[in-house]
Each structure stands twice: as structure tokens, then as C-alpha cells.
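So the structure is just underneath, and the comments pick up after that.
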Amino acid sequence: MQAVVLEQYGSEENLKLNSISRPKITADQVLIRVHAASVNPIDWKIRQGMLKWILPEQLPAVLGFDVAGEITEVGYTAKQQGWNIGDPVMAFSDKTFGGGYAEYIAVDSKVIVTKPENCSYDEAAGIPLAATTAWKALVKLGKLHAGDDVLINGASGGVGTFAVQIAKALGAKVTAVCSSDNHALVRDLGADETIDYHATPFTRIGRSFDIVFDAVSKSTFHECRRILKPEGHYIATLPSVESVGMTMISKFQKQSCHVVLARPDGDILKSLAALANEGKLRTVIDTVFPLNEVTAAHRKSEGGHVVGKIVLHVSNDIPDTKSHSEL
């Protein structure tokens, strides 16, 4: 099969399209023919070697945690769970480096769900990691309830666009922080109010929130305490010395600090698929690249200011003709 292989840490030029062996499955796994994958910031952070200390496996490796495609092989146990050849699915890969930048991927049946009927493969591939991050931040760590006041910084990014929709779907009042160019988009996704970060530092507005979710980790817990309610939750997406320390200290305080780290979770993915099937969750796609242009996709992701998700076309004969969401 064809796959994009990271041969050594460094620039995007170290990503090479090669022919490698198709993976073999175990009883608990399925083999997915990948139609689309997506690029997340964690991919280029792994590529640069930024995460070597926590992901010590050896290169070469195939990156990519998000995939959508069709099942082509089913292990015995996975078959007993109801999965069949031909099923359209999306998955949050449970492999150390992902493995989604390839024509085929073997994953545990616990990390796949049926592709939402109203999503193209492109759209479905954008959901797993980013939307799981948003769900875990808001629901698991922020303990979101209907009626809560939620502020989302980086609301037009990959995680942010999902966070706005999830918070709104669960009954929160949503304030979205992003460039004014994207205010119409985030309002269309459900935001009740918008803040232009160029004009107004959100940490200094005269309001308080039950949850402050910094999806791009541009603030600190110390800066956000003034806009948190007495028992409010601050959640960031990147660990720092301060956030790790404050996460421990805040366990003994009413206001809490958290860093969200997404892991494959079949139950969360089922909840996200249900929202998508109900029309309450959609993927905003910035750009679609063919697999052989993965270096350009990484450059765009690293450059920042991506609106929604970057998607990779892996298969050239995707049976799904539904067009992806337009901005």
C-alpha cells in the first residue's frame, strides 16, 4: 500500500510517500481502507520531534490519528461486535503515531463508529481527534451543564469550531473569541456572542464564565481567573509549567485548572456521531489536499490561522459523493 512515512524528525520534507506492507489485523481489530484523513497540530509536533520524550517509539512511522473509510477485513471478536466488511466508519487511531496517512490502517474496533450518514468522508475524517478534545474539555473536565456561560478562545480553529457546536448543542450560552473575519462563521455554528481578539483581550472583559476553554492555549489560568465564576473551570490544550502546577494546586481550590489531552474513546466518538446525525455537529473544512501533497498540508497547519480542519484525500475513488461543508 501507499503511505506517507516519517523517516526522521525534522521538517515536512522528511515526510515521504512510500510503498509499505499492508497491516495485518488481530481478532479485536478491523482493517479500514482509508478514504480521507486529517492533519492535526499534534502531527507536525511529532514530526518535529517535540514529543519524543513521551512518544519514544522508533522511526520510521506513519502519522495521522483521524481516518474515515470502509472496513475491508474484520477480526473474529470485532465481527462478534457487529462490524462487517463494507461498513463506512470513522476512527480515532489508537496507534502511538496514528498511522492514518496511508491507504489502509488496522485499528481496534473499540475506537471506530459508523460514519454519520450526513457526513462525507472528508467531513467524517475531520471529527475524531479535534471533536474528542473539545468534548473532553467541556463535558469531562468543565462539567458543562445546560445554561452555563462558556467562553471559547480560538473558536474558528479545528478544536474551537467543534467546541462551539458541542457547547451549544448541550444548552450552553457561548461566547466565541476569534478574528472578526470569522465572526459570521462561529455565529453560524451557534455562538451567541463574539469577541475580536485583535480589538479586545478576552481576559479583561467585564463578565465571568462557568468555563473558559482556551482551545489554542494563548492564555494562562492566572490571567483567566478574573473572568471565571467562583467555581469556574479553565481548560487549556497545551501543557505548560504553570498549567501543570496550577492543575495540582487548583484541586484544593474552587476554581479549577485543567489541560485536556485527547485519547481514543469510543463512547465519546459515539456521542459525537450522534450529534452529527442530528445535524448539530459539522466539520468546517479549510483545505483538502491529496495525500501526495502532505508536505503542503503540514506547512499550512504550522502556519496557523487555519479555519476548521485540513483534510487529506487518500483514496481517489471515494464512493461518497456528498460535498464537504463550504465556508
**Asked** Straight-line reach from LYS300: which lysines have Cα under 17 Å away, leaving out those fewer than 8 places along the same chain?
**Response** LYS45, LYS309
**Complete:** Amide H proximity to VAL67 below 5 Å, modelled H, separation 5+ or other chain, gives ALA91, SER93
**Message:** Projecting each Cα onto the charge dipole of the range 130-259 (Lys/Arg +1, Asp/Glu -1 at the beta carbon, about the Cα centre), which of LEU189, GLY158, CYS224 comes out farthest on the positive side?
**Reply:** CYS224
**Asked** For labels at HIS145 and GLN8 in the simple 7 Å Cα→Cβ model, what's the distance in nm?
**Response** 5.6
**Asked** What's the local net charge at ASN40, with K and R +1, D and E -1, over the other residues with C-beta under 13 Å away?
**Response** 0
**Request:** Grab every C-alpha pair in the chain, bin the distances at 10 angstrom width from 0 up to the longest one, and report whole percents.
**Result:** 6, 27, 34, 23, 9, 1
**Request:** Kindly work out what percent of the DSSP beta bridges joining two residues of the chain are antiparallel, to the nearest 5.
**Result:** 55
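Can you flag which of LYS52/LYS140; LYS140/LYS168; LYS168/LYS270; LYS115/LYS270 are past 21 Å Cα-Cα?
On the way: LYS52/LYS140 27 Å; LYS140/LYS168 16 Å; LYS168/LYS270 18 Å; LYS115/LYS270 10 Å.
Violating the 21 Å Cα-Cα cut-off are LYS52/LYS140.
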**Cross-link reach list, lysines versus LYS173, counting only Cα pairs under 16 Å and skipping chain neighbours closer than eight places** = LYS143, LYS229, LYS280
**Request:** Please express the Cα-Cα pair-distance distribution P(r) of the range 130-259 as a list of whole percents, one per 10 Å bin, running from 0 to the bin with the greatest distance.
**Result:** 15, 51, 31, 3, 0
**Prompt:** So how tilted is helix 158-169 from the main axis of the chain? Cα-based, degrees 0 to 90, rounded to 10.
**Reply:** 70
**Asked** Under a Cβ-Cβ cut-off of 12 Å, what is the net charge of the residues other than PRO201 that fall near it, where Lys and Arg count +1 and Asp and Glu count -1?
**Response** +1
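Scan the chain and report its longest stretch carrying no GluC sites (Glu not before Pro) that are both in a DSSP loop and have at most 13 other Cβ atoms within 10 Å. Let's see the in-between values first.
Values: sites that count: GLU7, GLU57, GLU117, GLU278, GLU326.
So the longest stretch without any such site is 118-277.
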**Computed magnitude of the charge dipole of the chain (debye, nearest 20; Cβ of K, R +1, Cβ of D, E -1)** = 900
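How much FRET efficiency would the formula 1/(1 + (r/R0)^6) give for ASN277 and ALA27, where r is the Cβ-Cβ distance and R0 is 35 Å, rounded to 0.05?
Details: r = 29 Å, r/R0 = 0.83.
For ASN277 and ALA27, the calculated efficiency is 0.75.
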**Asked** If you find the alpha carbon centre of the range 1-58 and of the range 176-192, how far apart are they in angstrom?
**Response** 33
**Request:** Using only Cα atoms, find the angle between the long axis of helix 294-303 and the longest principal axis of the chain, and express it within 0 to 90 degrees, rounded to the nearest 10.
**Result:** 10
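Calculate for the chain the 222 nm mean residue ellipticity that helices alone would give, adding -39,500 (n - 2.57) per DSSP H run of length 4 or more and normalising by residue count, nearest 500 deg cm²/dmol. Could you put the intermediate results ahead of the total?
On the way: 10 runs with 80 residues, N = 327.
Only helices count here, giving -6500 deg cm²/dmol.
No value in this document is a laboratory result; all are computed from the given coordinates. If you're wondering where the values come from, they're calculated on a predicted model, not measured in any experiment. Virtual Cβ from ideal backbone geometry, glycine too; neighbours counted across all protein chains shown.
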